[in-house]
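Single-structure report; data block below.
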Amino acid sequence: MTSLESPGVDAARSGRLTAGIFDVDGVLLASPHEQAWREALVGFAEPRLFTTAMYQAHVAGKPRLSGARAALEALGVPDADQRSIHYAECKQERLEELIKAGNIVAFPDALRFVQAVMTLGWPIAAASSSKNANRMMQSIRLASGQNLLDAFSANVCGRDLAHGKPNPDIFLLAAQELRVAPAHCFVAEDAPAGIEAARAGGMTALGVARLHDAEPLLASGADLVVASLDQVALDSLAGGDLRRQST
Ligand SMILES: [Mg+2]
């Protein structure tokens, strides 16, 4: 079996983790962004051309407008820059409809992992570019009765920042609000742009490859890639190291 670790977790970053930062869409929640982007393409391009691979490579993790522009450019739509504004609006309308219809599910392994990190006593932050993330997380109830958003010690989702992922600003802001140095934070991310952002911010990058898409996450510099957060070794994490369970 091929190991998904990049060639050894950087020793300089080993044994130092004390806090976690979580992307939301694709890490914590199976939210309907990809579906909304695809269905909103009607009138701009053929929706069937908007594949999951294309979404992950060009759109996932980015702020709405830059995601819209990247999608239209990737699909070869003329005047992509100008048309991206309208496309972004159409996507948001479709997303609102899908959210209202209850198309949001939390990944069970993510809820288990968040709970495990909280049990270590570590502060945790939610850091999604999405302006819809807060509302979506509030709709998820934990076993404790609190909603998912309330479980986080800091929340920087949807903040207006000059640069989106792969720029590290959103994660640096999260670390700042956690009052933890970036070098002591891991970032859980499912998109290459987010892995790049984590590494650019000097953080340990945990790639979540739910779509059998480990390769682009490793290529973006992920320290460890797992298909499920259940695969993270919690005993190592308690000691500040990010590793895969040995079994
Ligand atoms: Mg994501």
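The values are calculated or read from the model by the stated rules, or taken from the named source; none is laboratory data. It should be emphasised that the depicted structure is a prediction, and the values quoted were computed from it without experimental measurement. A quick note on method: Cβ atoms are made from the backbone with ideal geometry, for glycine too, and the neighbour counts reach across all protein chains shown.
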Please determine whether any residue of the range 29-47 is among the hydroxyl-bearing types (Ser, Thr, Tyr), part of a loop (DSSP other than H, G, I, E, B), within 15 Å of the ligand (Cβ to nearest atom) and touching a strand residue (DSSP E or B) at 6+ places or on another chain (Cβ under 9 Å). yes
Of all residues in the range 11-28, count the ones that are more than 9 Å from the ligand (Cβ to nearest atom) and modelled with pLDDT under 95. 6
Residue check, Leu172 away from the ligand (no atom under 16 Å from the Cβ) and touching a residue at least 60 places away in the same chain (Cβ under 8 Å): no
Which numbered condition trips up Leu218, out of (1) surrounded by fewer than 24 Cβ atoms within 10 Å (Cβ to Cβ); (2) of a type outside the set (Asp, Glu); (3) assigned to a loop (DSSP other than H, G, I, E, B); (4) in contact (Cβ under 8 Å) with a residue 40 or more places away in the chain? (3)
Examine the range 153-162 for a residue that is over 22 Å from Leu111 (Cβ atoms), of a type outside the set (Val, Ile, Thr) and in contact with a Lys or Arg (Cβ under 8 Å, 6 or more places away or on another chain), and state whether such a residue exists. no
When the range 178-196 is examined, which residues are found to be among the small types (Gly, Ala, Ser), within 11 Å of the ligand (Cβ to nearest atom) and more than 10 Å from Ile21 (Cα to Cα)? Ala191, Ala193, Gly194
Quick one: which helices (runs of 4 or more DSSP H) sit completely within the range 56-156 and have at least 3 residues that are surrounded by fewer than 22 Cβ atoms within 10 Å (Cβ to Cβ) and away from the ligand (no atom under 16 Å from the Cβ)? 64-74, 80-100, 108-119
